[in-house]
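Accompanying notes for the structure given below.
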């Protein structure tokens, strides 16, 4: 099964709510086994095609949309992140509360999903970062 190698290589990717084996595999494929090459959360968002850009003119009140960059981002990983967001919106109480709060503020469902996708990228980026080396107690 494909879950076995993911469990061996990157079990930490399966810890957050809504990220399944398929999404974890896509994350590993996109990062190419060397996540240190993705230097920032913004770079990962751009690579996936989830980086926010201003929407239209300055008359839109600071609204943003997802910018797919010049290359369009990695569509399959973008779709996997979107599935993670949808699962969270249906079954994860903190996300359900967040959606209700954003809706009460007048945000659209599309805007809320954009924000949630960016939050998932934030989580994934922190999971991919190599552990900082801690100085040993002997030194």
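No value in this document is a laboratory result; all are computed from the given coordinates. Bear in mind that the values here come from a model prediction, so they are computed numbers and not experimental data. As a convention, Cβ positions derive from the backbone with ideal geometry for all residues, glycine included, and neighbour counts pool all protein chains shown.
Observations on the structure shown:
- Potential extension, residue 126-residue 2 segment - 0.36 nm per residue separation minus Cα distance: 42.3 nm
- Descending by average beta-carbon neighbour count within 10 Å, the peptides 11-22, 80-91, 100-111 line up as 80-91, 11-22, 100-111, the highest first.
- Sites residue 79 and residue 43 - FRET efficiency at Förster radius 22 Å, r taken between beta-carbons, to 0.05: 0.65
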